[in-house]
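Student: Below you will find the structure I want to go over with you.
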Amino acid sequence: MARVLVPLAPGCEELEAVTIIDLLRRAGIDVVSAGLEAGPIKASRGVVLLADTTLDEALQHDYDMVVLPGGGPGSDRLDHDPRIEAVLKQMAAAGKYTAAICAAPKVFGRIGLLAGKRATSYPGFVDKMHLPGVTYLTDAVVQDGKVITSRGPGTAMDFALHLIEVLAGRARRDEVEAGLVRG
């Protein structure tokens, strides 16, 4: 079974964080939510989230994928946390998946994970960074190699379903999606 780390920063976008965690768990994927700090995490709209553990504790284990939820204030905190930069670089060097949605792909841009890649983000983030060699797209979900990015709260379900397909296969994704009654 795949194991995924979802770091949660104060100010994260709760719809994205909860959708990612919920859908991946529905697929039977082992998801570890980890707060940058100990204790409850107040998300961008005031919803209080309780992480499974702290980031320091979570980083004692290995993962198949790290997924960054967005949200302006939360993404800024992820972007300024050296532990996040270190784990992302470690994942990329090991040929493992990194994924980010909304404002969080800017973290990838700053540390060079988007170099030579196609990517997306919430409007005004990656597209405004003017990163050389990065092709900015407006698709709901963009995967280029082991880097997966998405646009924002409205694409969170598509993003999470894509992550399920990558980690557990198309049949598992279809099974989870059927249970959601999206259409």
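The values are calculated or read from the model by the stated rules, or taken from the named source; none is laboratory data. This is a predicted model, so every value here is computed, not measured. Cβ sites come from the backbone with ideal geometry, for glycine too, and all protein chains shown count toward neighbours. Just the protein is used for accessible areas: all its heavy atoms, side chains included, with ligands, DNA and RNA removed. Shrake-Rupley method; radii C 1.70, N 1.55, O 1.52, S 1.80 Å.
Student: Suppose we filter region 126-135 for residues that are free of Cβ contacts under 8 Å to residues at least 24 places away in the same chain and either β-branched (Val, Ile, Thr) or under 17 Å from Phe159 (Cβ atoms) (or both); how many remain?
Tutor: 2
A quick yes/no check of all residues on (1) of a type in the set (D, E, K, R); (2) within 19 Å of Ile111 (Cβ to Cβ); (3) out of contact with any Gly (no Cβ under 8 Å at 6 or more places or on another chain):
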residue	(1), (2), (3)
Leu15	no, no, yes
Ser33	no, no, yes
Ala43	no, no, no
Gly46	no, no, yes
Asp76	yes, yes, no
His80	no, yes, yes
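Student: Checking the conditions here, which among Arg25, Arg77 is open to solvent by 70 Å² or more (accessible area, probe 1.4 Å), within 15 Å of the chain's Cα centre (by Cα) and within 27 Å of Leu137 (Cβ to Cβ)?
Tutor: Arg77
Student: Can you go through Thr53, Thr19, Thr98 and tell me which one is among the polar types (S, T, N, Q) and over 14 Å from the mean Cα position of the chain (by Cα)?
Tutor: Only one candidate passes the filter, namely Thr53.
Student: Shifting gears a bit: Residues in region 159-170 that are more than 18 Å from Leu15 (Cβ to Cβ) and either without any contact (Cβ under 8 Å) to a residue 60 or more places away in the chain or not in a helix (DSSP H, G or I) (or both): how many?
Tutor: 3
Student: Could you tell me which of the residues Asp174, Asp139 is assigned to a helix (DSSP H, G or I) and open to solvent by 40 Å² or more (accessible area, probe 1.4 Å)?
Tutor: Asp174
Student: To continue, here is another question. Only one of these is touching a His at 6+ places or on another chain (Cβ under 9 Å) and under 22 Å from Glu13 (Cβ atoms): Ala104, Ala140, Ala100, Ala119. Name it.
Tutor: Ala140
Student: Can you pull out the residues in region 40-69 that are open to solvent by less than 10 Å² (accessible area, probe 1.4 Å), more than 20 Å from Lys96 (Cα to Cα) and touching a helix residue (DSSP H, G or I) at 6+ places or on another chain (Cβ under 7 Å)?
Tutor: Matches in region 40-69: Ala43 only.
Student: Here is a follow-up. Please tell me if Pro10 is of a type outside the set (A, V, I, L, M), under 22 Å from Thr149 (Cα atoms) and assigned to a helix (DSSP H, G or I).
Tutor: no
Student: Follow-up. Filter region 142-171 down to residues that are hydrophobic (A, V, I, L, M, F, W, C), within 18 Å of Arg25 (Cβ to Cβ) and out of contact with any Leu (no Cβ under 8 Å at 6 or more places or on another chain) and give me whichever is surrounded by the most Cβ atoms within 10 Å (Cβ to Cβ).
Tutor: Applying the filter and picking the extreme gives Phe159.
Student: Are any of the residues in region 171-182 at pLDDT below 95 and within 18 Å of Leu15 (Cβ to Cβ)?
Tutor: yes
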